Amino acid sequence: MAGAMNKTEYVIGVTGHRDIHPDALDTVRAHIQQSLNEIQELLPNSAIRLVSGMADGADRIVVEEALSRNIKVDAVLPMPLEMYVDDFSETSAKELKKLLEHQNVTSEVIPLPDDEEASTFIGNRRDQLYLGLARVLSRRCSLLIAIWDGIDTGLPGGTSDTLLNFMKVPRRSSGEPVEFQTTAGLTHHGHSNGFAIWIPTKRIGTADVPRTDRAYLTGISGRVVIDDTLPGELSNRISGYDAYNATFDERVKAGDLPSPYGLLDAVPKNVNPIDLRTLERIESEYTKADVMAVYYQKYSDRLFAGFAVAAGLMGFLFLVYAKILASNFFLLGYLGIFVGGFFAFRYVHNKHWFSKHLMYRLIAETMRTRFYLSLAGLGEGKHIRSFEKMTGINQFSGFDWITDVFKFVEPTAPQLISMDDQAGKERLAKIQEAWIDDQCAYFSKKNRQLTERHHLIENVKKILIGFLLIGTALLIFIKPLLVSTVLVGDLHLKTLIVFFMGFLPLCFGVWEIYSAKMAVKELAWQYRQQLDLFDDIRERLKVEPDGMVCQDIIGQLALDSLRESFLWTMQRFHREHEPPTAG
């Protein structure tokens with residue numbers, strides 16, 4: 001459980017100018033302190049991690065402030081250090097190296113394309129390396145702090161380019177102030193992209209900035225939208241993220257979480273430290289989400305079962321009152337269950353057990369797939385982002401924060417791995433054993449259980465139909481005999497038969513509704529689909545000698561498996577909730 005005990009860190013990034021005007025430094029630092037204070041106040045149950053390119057000026061100011069608050073920093077260098085320091089003065093280079101040695105700083109380098117020589121990266125080619133850093137910030141960060149003058153310079157990988165790319169806003173011009181839009185002025189308020197805290201600053205040798213106060217930016221429908229106060233959407237998203245950590249802490253302290261099933265046993269001993277760090281982070285999130293999914297599934301299933309039993313009891317009491325004994329006791333019991341069920345529904349509705357079960361299960365299954373993708377050297381989560389966009393799942397009520405969990409496990413630069421050498425073959429064997437074989441066994445077992453349950457229900461249906469046919473025939477042909485056959489008091493056999501002819505279909509109808517709520521038929525279909533998917537891949541890997549082809553096969557398996565998880569979650573959610581609507 002040690003891995004799952006770690007906090008899920010909220011990842012913030014920083015981009016900014018190197019040449020902040022000396023007169024603006026105190027104001028900029030004060031706004032950075034204010035921003036970090038605000039983020040920490042919004043996340044009392046969560047840790048924060050800062051991602052920075054460690055450049056002069058804005059980057060280092062934010063890093064220093066973060067380290068002073070014991071916030072961990074990922075120093076992502078756009079190129080090897082010996083090459084990067086050429087962009088700084090001797091004093092600045094020494095300062096950079098000292099920061100990289102700090103105990104709370106983890107350094108990682110974006111590898112050069114195709115292992116080319118450093119000397120070939122000059123001019124525009126060197127700018128492309130900074131563009132790579134901008135892309136890392138966009139993939140990994142949930143919130144961006146931008147120390148910026150408000151001008152779109154058009155420089156690849158520059159502050160404006162990084163910010164606009166993060167907010168998914170298309171470039172319109174270079175060297176001109178960016179046009180800001182308020183939400184009130186939007187004709188269509190679409191989904192927000194890439195929230196940022198903007199700290200305006202004047203640069204050396206440039207005109208004053210259009211404003212001096214902090215603001216919040218996001219991209220909506222291709223426009224930069226500005227807010228003077230914390231946007232409600234961002235606040236809710238951060239609150240949901242923090243509640244994720246708080247809920248887990250509560251459950252751990254209560255000691256009511258099941259034992260986790262870890263993933264790290266599948267990791268070979270020869271994995272490099274960068275890969276291992278990514279795998280440990282993913283495994284931590286998997287175990288956390290998995291145990292909470294199991295926990296809330298238990299309560300969610302009991303909730304559905306409880307309402308089904310309550311409906312059956314209400315029908316039973318009414319039939320007894322109507323057909324056997326017209327006592328007010330049965331009416332009071334009927335009313336008591338109805339009122340109790342109403343208030344119970346109001347109470348548990350705010351617990352969101354079902355939604356939490358779906359959210360945590362989606363996170364767990366996504367993390368499981370990401371883990372084995374990373375182990376296969378296919379770690380970048382582009383498929384997850386495409387599924388989020390395709391399904392709109394992050395727009396479901398209460399689901400928006402899961403995007404930030406996915407960002408937390410994003411690797412800086414997925415490591416290139418050959419599956420044809422001995423180390424690669426060992427990884428492939430581990431993936432086959434721990435993931436593909438294990439999933440085949442799991443889905444085979446679940447498919448067999450649901451098939452047996454289906455056959456049982458079909459047999460019960462046949463018995464019920466037979467009873468109804470027999471009861472109907474008895475009522476038609478020997479009704480006088482049934483009426484004259486007194487069982488006890490005023491209760492005769494005809495009344496008892498009519499009672500069961502009403503009660504048994506009622507019970508079966510309640511069971512059918514319960515099965516529909518639990519999506520039993522769809523679940524059986526999903527298990528069958530997943531079993532066929534994993535079994536087919538297992539057979540293909542047995543006969544495929546080329547390790548790199550095996551890598552592609554695993555990538556396709558992950559894509560198909562993720563699609564099933566996202567679509568399943570979407571379908572289950574829509575069973576209980578209206579689909580999300582604009583506005």
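The values are calculated or read from the model by the stated rules, or taken from the named source; none is laboratory data. All values derive from a computational prediction rather than experimental measurement. So basically every Cβ, Gly included, is an ideal-geometry build from the backbone, and we count neighbours across all protein chains shown.
Give the number of residues within region 8-38 that are touching a Leu at 6+ places or on another chain (Cβ under 8 Å) and surrounded by fewer than 19 Cβ atoms within 10 Å (Cβ to Cβ).
Here the count works out to 1.
Residues being within 18 Å of Tyr372 (Cβ to Cβ) and of a type in the set (Phe, Trp, Tyr): count how many of those fall in region 279-298.
Of the residues in region 279-298, 1 are within 18 Å of Tyr372 (Cβ to Cβ) and of a type in the set (Phe, Trp, Tyr).
Given the conditions (1) surrounded by 12 or more Cβ atoms within 10 Å (Cβ to Cβ); (2) without any contact (Cβ under 8 Å) to a residue 60 or more places away in the chain; (3) more than 28 Å from Ala308 (Cα to Cα); (4) β-branched (Val, Ile, Thr), and given that Ile457 satisfies all but one, which numbered condition is not satisfied?
Tallying (1) surrounded by 12 or more Cβ atoms within 10 Å (Cβ to Cβ); (2) without any contact (Cβ under 8 Å) to a residue 60 or more places away in the chain; (3) more than 28 Å from Ala308 (Cα to Cα); (4) β-branched (Val, Ile, Thr), Ile457 fails exactly one: (3).
Taking Val63 as the residue in question, decide whether it is surrounded by 15 or more Cβ atoms within 10 Å (Cβ to Cβ), closer than 23 Å to Thr27 by Cα and out of contact with any Pro (no Cβ under 6 Å at 6 or more places or on another chain).
yes
With respect to the numbered conditions (1) surrounded by 14 or more Cβ atoms within 10 Å (Cβ to Cβ); (2) without any contact (Cβ under 8 Å) to a residue 40 or more places away in the chain, which one is the sole condition not fulfilled by Arg237?
(2)
From the list Thr91, Thr106, which one is surrounded by 16 or more Cβ atoms within 10 Å (Cβ to Cβ), farther than 18 Å from Gly16 by Cβ and hydroxyl-bearing (Ser, Thr, Tyr)?
On inspection, the qualifying residue turns out to be Thr106.
From the list Tyr321, Tyr295, Tyr261, Tyr299, pick out the single residue that is assigned to a loop (DSSP other than H, G, I, E, B) and surrounded by 13 or more Cβ atoms within 10 Å (Cβ to Cβ).
Tyr261
In the list Ile457, Ile513, Ile463, which residue meets the criterion of being modelled with pLDDT of 85 or more and assigned to a helix (DSSP H, G or I)?
Testing whether each residue is modelled with pLDDT of 85 or more and assigned to a helix (DSSP H, G or I) leaves just Ile463.
Go over the candidates Tyr347, Tyr372, Tyr360 one by one and state the one that is without any contact (Cβ under 8 Å) to a residue 24 or more places away in the chain, in a helix (DSSP H, G or I) and hydroxyl-bearing (Ser, Thr, Tyr).
Selected residue: Tyr347, the only one of Tyr347, Tyr372, Tyr360 that is without any contact (Cβ under 8 Å) to a residue 24 or more places away in the chain, in a helix (DSSP H, G or I) and hydroxyl-bearing (Ser, Thr, Tyr).
All but one of (1) closer than 19 Å to Ser138 by Cα; (2) at pLDDT 75 or above; (3) aromatic (Phe, Trp, Tyr) hold for Tyr442, so report the exception by its number.
Every listed condition holds for Tyr442 apart from (1).
Out of (1) at pLDDT 95 or above; (2) touching a Lys or Arg at 6+ places or on another chain (Cβ under 6 Å); (3) outside any helix (DSSP H, G or I); (4) of a type outside the set (D, E, K, R), the odd one out for His31 is which?
With respect to (1) at pLDDT 95 or above; (2) touching a Lys or Arg at 6+ places or on another chain (Cβ under 6 Å); (3) outside any helix (DSSP H, G or I); (4) of a type outside the set (D, E, K, R), His31 is out only on (3).
Inspect region 313-325 for any residue being modelled with pLDDT of 85 or more, of a type in the set (Phe, Trp, Tyr) and closer than 20 Å to Tyr347 by Cα and give the result as yes or no.
Checked region 313-325: no residue is modelled with pLDDT of 85 or more, of a type in the set (Phe, Trp, Tyr) and closer than 20 Å to Tyr347 by Cα.
Out of everything in region 473-510 that is in a helix (DSSP H, G or I) and polar (S, T, N, Q), what residue ends up being surrounded by the most Cβ atoms within 10 Å (Cβ to Cβ)?
Thr495
Scan region 279-320 for residues that are over 17 Å from the mean Cα position of the chain (by Cα) and of a type in the set (Val, Ile, Thr) and jot them down.
Val309, Val320
What's the number of the condition Gln432 fails, among (1) crowded, with 16+ Cβ neighbours inside 10 Å; (2) among the polar types (S, T, N, Q); (3) under 27 Å from Met570 (Cβ atoms)?
For Gln432, the failing item is (3).
Taking region 222-232 on its own, how many of its residues are under 19 Å from Thr403 (Cα atoms) and surrounded by 16 or more Cβ atoms within 10 Å (Cβ to Cβ)?
Within region 222-232, residues that are under 19 Å from Thr403 (Cα atoms) and surrounded by 16 or more Cβ atoms within 10 Å (Cβ to Cβ) number 1.
Residue-by-condition table, conditions (1) in a helix (DSSP H, G or I); (2) out of contact with any Phe, Trp or Tyr (no Cβ under 9 Å at 6 or more places or on another chain); (3) of a type in the set (Phe, Trp, Tyr):
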| site | (1), (2), (3) |
| --- | --- |
| Val225 | no, no, no |
| Thr229 | no, no, no |
| Lys253 | yes, yes, no |
| Pro268 | no, yes, no |
| Leu276 | yes, yes, no |
| Arg281 | yes, no, no |
| Val291 | yes, no, no |
| Gly306 | yes, yes, no |
